[in-house]
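These notes are about the structure you will find just below.
The values are calculated or read from the model by the stated rules, or taken from the named source; none is laboratory data. Predicted model only: the values in this text are computed from it and were never measured. All Cβ positions, even for glycine, are placed from backbone atoms using ideal geometry, and neighbour counts span all protein chains on display.
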Amino acid sequence: MYKLAIFDMDGTILDTLLDLAGGVNHALAAVGMPVRTTEYVRSIVGNGIRTTLTLCAPEGITEEQLDSLHEVFKPYYEKHRTDNTGPYPGVEELLRKLRQKGIKTSVISNKSDESVKALCVEFFDGLFDMPRGLIEGVPKKPAPEPVNAIIEAMGVKKSETVYIGDSEVDVMTAKNAGIDGIFVTWGFRSREQLKERGAECIVDTAEEVYDIICK
């Protein structure tokens, strides 16, 4: 049985797609750029909002234009981030059962640290020991630094830690950190896409996640 379960946020514990796409398209429209489909946004999220905005904007966007997009996106998303967002089926129960077993839980996301902490309070209050978003000066996932910081803070070994995510970014995060990974099919990437990126342990339900963590 693992002692620490680290979860990705978008596409893993929370279905944030509609609110992310809404924020991105609000920002694009506000500066006169073409909007994107929800499915396109689904296909590229995971590397942080600046990367998402870059990939959604027309080719050749400048840093100044990107700054303008981000300045529009941030307050809009903060106001609307829970309009359509909610936990995936079984996730809240999964977290409660893990904590009843004495397993520590954490979130690591490439969302802003402010958004991560606010969303955890909104939907999972008291269910995570250490929610953590993007912190200035610290490399973002798939770099191992955020994971290593959580493991050290929680006082466990890497062999006692498992990472749960839904995208190629998460596959690489687990590999780069040298820890086991569980990858879910209900999020932003398909089973086939996860396999193509090297995922080995792929599950379809929260119950399967619990069984693997607690076996």
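Quick notes on this one:
- Given (1) touching a residue at least 24 places away in the same chain (Cβ under 8 Å); (2) over 19 Å from VAL184 (Cα atoms), number of the condition LEU66 does not satisfy: (1)
- Residues considered: ILE49, ILE108. Of these, the only one that is touching a strand residue (DSSP E or B) at 6+ places or on another chain (Cβ under 9 Å), in the same structural domain as LEU134 (by TED's automatic domain parsing) and of a type in the set (A, V, I, L, M) is ILE108.
- Tally, over the range 141-193, of residues that are under 29 Å from GLU39 (Cβ atoms), assigned to a strand (DSSP E or B) and touching a residue at least 40 places away in the same chain (Cβ under 8 Å): 4
- Hits in the range 95-130 (condition: in a loop (DSSP other than H, G, I, E, B) and either more than 20 Å from ASP15 (Cβ to Cβ) or acidic (Asp, Glu) (or both)): LYS101, GLY102, ILE103, ASP125, GLY126, ASP129
- The range 54-88, subset among the hydroxyl-bearing types (Ser, Thr, Tyr) and not in a loop (DSSP other than H, G, I, E, B), residue surrounded by the most Cβ atoms within 10 Å (Cβ to Cβ): TYR77
- Residues in the range 134-151 include none that are closer than 22 Å to ARG96 by Cβ, in contact with a Leu (Cβ under 8 Å, 6 or more places away or on another chain) and surrounded by fewer than 22 Cβ atoms within 10 Å (Cβ to Cβ).
- Restricted to the range 43-53, and to residues there that are touching a Phe, Trp or Tyr at 6+ places or on another chain (Cβ under 7 Å) and assigned to a helix (DSSP H, G or I), the residue that is modelled with the highest pLDDT is LEU53.
- Where THR37 falls short, out of the listed (1) crowded, with 17+ Cβ neighbours inside 10 Å; (2) not assigned by TED's automatic domain parsing to the domain that holds LYS141: (1)
- Scan of the range 194-212 for residues that are part of a loop (DSSP other than H, G, I, E, B) and either surrounded by 22 or more Cβ atoms within 10 Å (Cβ to Cβ) or at positive phi (or both), ordered by number: GLY198, ALA199
- Qualifying residue in the range 130-153 (condition: over 30 Å from PRO75 (Cα atoms), basic (Lys, Arg) and modelled with pLDDT of 95 or more): no
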